[in-house]
Amino acid sequence: MKKRSTLSYLTLTLLSIFLLINCKSAEKSLKKGEFDESVLRAVDKIKSNPSHGASLEALRQAYPLAVDQHRKVIEVHKTSEDIFHWEPQLETYVKLNRLYREISSCAACVSVVTPVDFTNDEKLARHNAASVRYKEGTNYLKTGDRENARLAYAHFEKVDELLPEFNDNKKKLEVAYELASFKVVVEQVLVTSKRYQLSNEYFQDRVNEYLQTNKRLNKFVRFYLPEEAADIDLKPDHVITLQFDDFVVGQTMIEKNTETFTSKDTVKVGEKTVGRTKVPIYGKVTAKFTQIRKTVLSGGLLDMQITDFNTKQVVNREKFNGEYNWMCEWATFNGDERALTPAQLRKSKSQELLPPDPQQLFVEFSKPIYERLTSKLKSFYAKY
């Protein structure tokens, strides 16, 4: 019973400390001039405790000060020569309306202050801000060059953020991006051997998947497959040609190492008859132990060439290598197995395994090439 009373007392003490800290937070924010924060903290407290005097008083003082502070900010921006002056005004109205909604949702709070609704002001500022951005974007778009199209795209993006359904902004975004984008066609990967076409398809599919997933390695670089480019009669900026110009698959190397081992201790090697009794003969035994290692080497070199479509000049050329070595080890022995260690005996019971087929070996050595290629494409086109 005493233990339960102690726990109850501790719980009440902690609760009191928490409420005290929470109460002081609204007052503290008020003293620091953080009027919005003071209002929000006070409202949050009053919702859980409608008769909390300190919070009600903090709200009564903080809300008018917050409104006055925001109105002064709005007046400053109204007289600004910055053509985008509607945007900071909008941000301020958003803050004011947040205070309005929070106070309006609390009956006890409304008894202390009368919140002001700035919804119409926010709508007007939002519309005007979107109009200015839309007009700026349209003016940049008229020039028709890539750099201005990128500036236009940034303005239309802002419009989409402010008012998604504003005029024909969605269409303007598409037009701006089309003019702003740097278009790259990645041709099919070439392999000179018909035998490895299936493996090449795996590599090609991975490259295609990467490009489709990352169509925009940066905001304005767009990758196309040859068939996509043909369908829309695309005139690209760059053409990337990929070709395996050197590779080897399944080159086999066999290494053998034979050693003679002698048992550490003497063991029974036979018997002899002494009188009428058979007596064991002890001696050391030997075994010839042969370790065999088969290594199947596969590797290749991918040539990447980036060509300017208009000038036909090579702007970048690089080669990426990759290799994959499959290995199998086993052993045999002649002689007495007692001359061998348990590990050697286990190894002698292992068998030669068949290596993966050439198709799979091609796939394996092309994996590091794929990683190096995609990393290079990402870094190279980051500047575009």
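For region 238-296, compute the orientation-averaged projected area of the C-alpha convex hull (one quarter of its surface), in nm².
Details: hull surface 31.0 nm².
Its Cα hull, projected and averaged over all orientations, spans 7.7 nm².
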Item checked: Anchor Lys235: aspartates and glutamates whose Cα lies under 15 Å away (excluding residues fewer than 8 positions away in-chain) -> Glu178, Glu187, Glu227, Asp308
Next item on the list: Would you please name the trypsin sites (Lys or Arg not before Pro) within region 243-277 that are DSSP coil residues with at most 16 other C-beta atoms within 10 Å of their C-beta?
Entry: Lys264, Arg276
Next item on the list: For Tyr384, list long-range residues whose amide hydrogen, built 1.01 Å from N in the peptide plane, is under 5 Å from its own amide hydrogen.
Entry: none
Item checked: Charge dipole (region 235-382, unit charges on Cβ, about Cα centre) - positive-most of Ser263, Val314, Ser366 -> Ser263
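How large is the Kirkwood hydrodynamic radius of the chain, in angstrom, based on all distinct alpha carbon pairs?
30.0 Å
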Next item on the list: Note the full-extension length gain between Thr295 and Phe309 as 0.36 nm times their separation in residues minus their Cα-Cα distance, in nm to one decimal.
Entry: 0.6 nm
Next item on the list: Report the residue, chosen from Val274, Val159, Val285, that carries the largest GNM mean-square fluctuation when the chain is represented by alpha-carbon nodes joined by springs under 10 Å.
Entry: Val274
Notebook entry, point to check: Cα to Cα, under 16 Å, and not fewer than 8 places away if on the same chain: which lysines meet these conditions relative to Lys278?
Noted result: Lys268
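For the chain, what's the relative contact order in percent, using C-alpha pairs closer than 8 Å and at least 6 residues apart?
Working: 594 pairs, mean separation 40.7, N = 384.
Relative contact order, the chain: 11 percent.
Return the loop-located trypsin sites (Lys or Arg not before Pro) in region 300-384 (DSSP other than H, G, I, E, B) with at most 16 other Cβ atoms within 10 Å of their own Cβ; answer none if there are none. Intermediate values should be presented prior to the final figure.
Details: sites: Lys312, Arg317, Lys319, Arg338, Arg346, Lys347, Lys349, Arg372, Lys376, Lys378, Lys383; in loops: Lys312.
Sparse-neighbourhood loop trypsin sites (Lys or Arg not before Pro): Lys312.
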Next item on the list: Rounded to the nearest 500, what is the 222 nm mean residue ellipticity of the chain from helices alone, with -39500 (n - 2.57) per DSSP H run of 4+ residues and division by all residues?
Entry: -17500 deg cm²/dmol
Notebook entry, point to check: In the chain, which whole DSSP H runs stretch at least 15 Å along their own axis (Cα) and average -0.5 or higher on the Kyte-Doolittle scale?
Noted result: 2-31, 35-48, 53-78, 358-380
Item checked: Partners for Lys319 among aspartates and glutamates (Cα-Cα distance below 14 Å; same-chain residues under 8 apart left out) -> Asp245, Asp246, Asp303, Glu371
Next item on the list: Holding the Cα-Cα limit at 21 Å, pick out from Lys78/Lys135; Lys170/Lys383; Lys135/Lys170; Lys219/Lys383; Lys183/Lys219; Lys347/Lys367 the pairs that are longer than that.
Entry: Lys170/Lys383; Lys347/Lys367
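A short reminder: the numbers here are calculations on the coordinates, not readings from a lab. It should be emphasised that the depicted structure is a prediction, and the values quoted were computed from it without experimental measurement. Reconstructed Cβ throughout: ideal geometry from the backbone, glycine too, with neighbour counts over all protein chains shown.
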